[in-house]
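Notes follow the structure.
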């Protein structure tokens, strides 16, 4: 007996599209215009974040702090040498 194909709802396709656009770096405003969403509520409805997304967000902040922390330390060292 053949296995039935999974049922896809329009909402599933919208979520998939929203996720792919966001992952590709498309801004929220552009995505909302592309999809015809007039409110942020609609964007939030279809832009589902999973645990992997949340972990990546935290890792991104960590990377930002490491880079900026090193830059800030270098600036402090450089400005201290110039003043002395």
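Being touching a residue at least 12 places away in the same chain (Cβ under 8 Å) and closer than 21 Å to residue 60 by Cβ is the filter here; which residues of segment 20-50 pass it?
Listed by number, the residues that qualify are 21, 22, 28, 31, 43, 47, 48.
Filter segment 41-51 for residues that are in a helix (DSSP H, G or I) and out of contact with any helix residue (DSSP H, G or I) (no Cβ under 8 Å at 6 or more places or on another chain); which is farthest from residue 14 (Cα to Cα)?
Let us first name the residues in segment 41-51 that are in a helix (DSSP H, G or I), namely 41-46, 51.
Narrowing further to those that are out of contact with any helix residue (DSSP H, G or I) (no Cβ under 8 Å at 6 or more places or on another chain): 41, 44-45, 51.
Working: 41: 14, 44: 12, 45: 10, 51: 20 Å.
Taking the candidates together, the pick is 51.
Values quoted throughout were computed directly from the atomic coordinates according to the rules given, and no laboratory measurement underlies them. The structure displayed is predicted, hence computed values, not measured ones. Neighbour counts are summed over all protein chains in view; Cβ atoms, including those assigned to glycine, are modelled from backbone coordinates with ideal geometry.
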